[in-house]
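Q: So that we are looking at the same thing, I have put the structure below in structure tokens.
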Amino acid sequence: MDSPFTDLDRPPLREAALRKALLVPGGLWREVDVVPETGSTNADLARRAEEAEGLVLVAESQVAGKGRLDRRWSAPPRSGIAMSVTLAPTEVPVARWGWLPLLAGVAAASAVSRVTGVDARLKWPNDLLVGERKLAGILAERAGAGVVLGIGLNVSLREEELPVPTATSLALAGAENTDRDPILRALLRELEEWYTRWRLTGGDARTSGLLTAYTDACATIGRRVRVELPADRTLEGPATGIDEDGRLLVTTSEGPTAVGAGDVVHVRPTAD
Ligand code: BT5
């Protein structure tokens with residue numbers, strides 16, 4: 001399975017073509033590297049966070065892929081996209097940086113829909129779902145003066161390869177196209193477009209159009225949810241929207257409460 005030639009359905013990414021398409025004058029992306037294997041692309045870029053924004057690192061295989069809160073992200077080599085980028089929106093107040101993982105979700109859902117025809121919904125804060133199953137996860141971590149934003153997207157995984165039964169892949173969701181090169185290109189272009197728009201408004205989700213785009217794609221808003229917080233605390237009630245800092249608004253018996261991604265262990269829909 002480890003040779004690039006044994007699985008013809010999983011050709012390697014074409015680094016030179018990706019660079020040619022993405023590294024354009026005046027663009028956000030400054031460097032695009034594709035490595036055959038690493039521990040975690042987020043960890044690698046966190047070590048280089050002070051260098052510049054616009055660094056892109058993609059791994060064909062991750063052996064210590066990170067989720068949030070010490071959880072793991074795992075997928076077979078070349079079965080998906082494991083990518084991180086550095087961003088430093090210094091003109092945006094830090095409180096609003098909570099929008100970055102949400103922004104990445106909007107960009108990823110839009111790229112996936114355009115290239116593969118698969119309609120993914122967003123589960124606040126950071127998951128792309130098809131039905132109730134997870135197609136992609138996003139991890140934003142503060143590093144240096146900015147943020148490392150990582151995205152893991154399942155592309156060609158077969159049912160028996162899924163790391164957890166709650167996962168899915170583009171192939172399993174009936175994608176028209178499972179070629180990773182155009183998916184990755186679209187993902188980085190959408191990310192650049194949304195990031196630039198958001199940043200130019202000083203991180204204003206309303207005027208940048210991000211709030212509307214997120215709300216339209218979000219499967220969490222309008223549902224009753226149970227939010228698990230650290231130390232066994234929970235909140236329960238209808239999720240009614242997202243505030244200006246990207247926090248989920250939940251109406252509990254004590255009134256409206258805003259929950260930040262950093263506070264959450266799990267958000268689950270509950271039966272009414
Ligand atoms: C996430 O965490 O969903 C964020 C995942 C971010 C992964 C990317 S890959 C590139 C970059 N470099 C990294 O090291 N990380 C980022 P969380 O919400 O905590 O979800 C983690 C949970 O998702 C795990 O505990 C599993 O239950 C499940 N999971 C693991 N691998 C999965 C997969 N391939 N597909 C779907 N679910 C998965």
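Q: Which GluC sites (Glu not before Pro) from segment 48-112 combine a DSSP loop assignment with at most 15 other Cβ atoms within 10 Å?
A: Taking segment 48-112 and a limit of 15 other Cβ atoms within 10 Å, the loop GluC sites (Glu not before Pro) found are Glu50, Glu51, Glu91.
Q: I've got another one for you. Just to confirm the number: angle between the C-alpha axis of helix 180-200 and the first principal axis of the chain, 0 to 90 degrees, nearest 10?
A: Orientation of helix 180-200: about 40 degrees from the principal axis.
Q: To continue, here is another question. Can you give the charge dipole size of segment 183-272 about its Cα centre, rounded to the nearest 20 debye, using +1 on the beta carbon of Lys and Arg and -1 on the beta carbon of Asp and Glu?
A: Dipole magnitude for segment 183-272 comes out near 240 debye.
Q: Quick one: net charge of Trp198's neighbours, Cβ under 9 Å, K/R +1, D/E -1?
A: +2
Q: Restrict the search to segment 188-268; then list the trypsin sites (Lys or Arg not before Pro) that DSSP places in a loop and that have at most 12 other Cβ atoms within 10 Å of their Cβ.
A: Sparse-neighbourhood loop trypsin sites (Lys or Arg not before Pro): Arg206.
Q: To the nearest 0.05, how large is the calculated FRET efficiency for Thr196 and Ala16 if R₀ is 30 Å and r is the Cβ-Cβ distance?
A: 0.75
Q: Taking 8 Å as the Cα distance limit and 6 or more residues as the minimum spacing, I'd like the relative contact order of segment 220-269 as a percentage.
A: Relative CO of segment 220-269 lands at 38 percent.
Q: Answer with one residue from Ala46, Ala213, Gly262: the one whose Cα lies farthest towards the positive end of the charge dipole of the chain, charges on Cβ with Lys, Arg +1 and Asp, Glu -1.
A: Working it through, the farthest residue towards the positive pole turns out to be Ala213.
Q: Once amide H atoms are built 1.01 Å from N in the peptide plane, which residues 5 or more positions from Lys134, or in another chain, come under 5 Å H to H?
A: Excluding prolines and chain starts, which carry no amide H, the hits are Ala167, Thr168.
Q: A further question follows. Hey, what did segment 133-272 get for relative contact order, percent, Cα under 8 Å, at least 6 apart?
A: 14
Q: Still on this structure, I have one more. For segment 129-140, what does the Karplus curve 6.51 cos²θ - 1.76 cosθ + 1.60, with θ = phi - 60°, yield as ³J(HN,Hα) per residue in whole Hz, taken in order and with x for Gly and Pro?
A: 10, 10, x, 9, 9, 8, 8, 8, x, 10, 10, 10
Q: If I take every Cα pair under 8 Å that is 6 or more residues apart in the chain, average their sequence separation and divide by the length, what percent do I get for the relative contact order?
A: 16
Q: Can you give the accessible area per residue of segment 220-269, in Å², using a 1.4 Å probe?
A: 52
Q: Using a Gaussian network model of the chain with C-alpha springs under 10 Å, which one of Val92, Val148, Val115 is most mobile by mean-square fluctuation?
A: Checking each option, the largest mean-square fluctuation is seen for Val92.
Q: Filter the chymotrypsin sites (Phe, Trp or Tyr not before Pro) in segment 1-82 down to the DSSP loop ones having no more than 13 other Cβ atoms within 10 Å, then list what survives.
A: Qualifying residues, ordered by number: Phe5.
Q: While we're looking at this one, here's another question. So, with +1 on the Cβ of K and R and -1 on the Cβ of D and E, and no other charges, what is the size of the charge dipole of the chain about its Cα centre, to the nearest 20 debye?
A: 200
Q: Above 24 Å lies some portion of the pair distances; for the chain, what is it as a whole percent of all C-alpha pairs?
A: 47
Q: While we're here: Could you go through segment 149-165 in sequence order and give the Karplus-derived ³J(HN,Hα) for each residue, using 6.51 cos²θ - 1.76 cosθ + 1.60 with θ = phi - 60°, rounded to whole Hz, and x for Gly and Pro?
A: 10, x, 10, x, 10, 7, 9, 10, 4, 8, 3, 6, 9, 4, x, 9, x
Q: Which value, in debye to the nearest 20, gives the size of the charge dipole of segment 220-269 about its Cα centre, when Lys and Arg are +1 and Asp and Glu are -1 at the Cβ?
A: Here segment 220-269 has a charge dipole of around 260 debye.
Q: Ok, one more. Would you mind computing, in nm to one decimal, how far apart the modelled labels at Asp243 and Asn177 are, each placed 7 Å from Cα along Cα→Cβ?
A: Rounded to a tenth, the inter-label distance reads 4.1 nm.
Q: How tilted is helix 99-116 with respect to the longest principal axis of the chain? Cα atoms for both, answer in degrees (0 to 90, nearest 10).
A: Orientation of helix 99-116: about 50 degrees from the principal axis.
The values are calculated or read from the model by the stated rules, or taken from the named source; none is laboratory data. Predicted model only: the values in this text are computed from it and were never measured. FYI the Cβ positions are ideal-geometry reconstructions off the backbone, even for glycines, and counts take in every protein chain you see. SASA here: full protein model, heavy atoms, side chains in, ligands and nucleic acids out. Shrake-Rupley method; radii C 1.70, N 1.55, O 1.52, S 1.80 Å.
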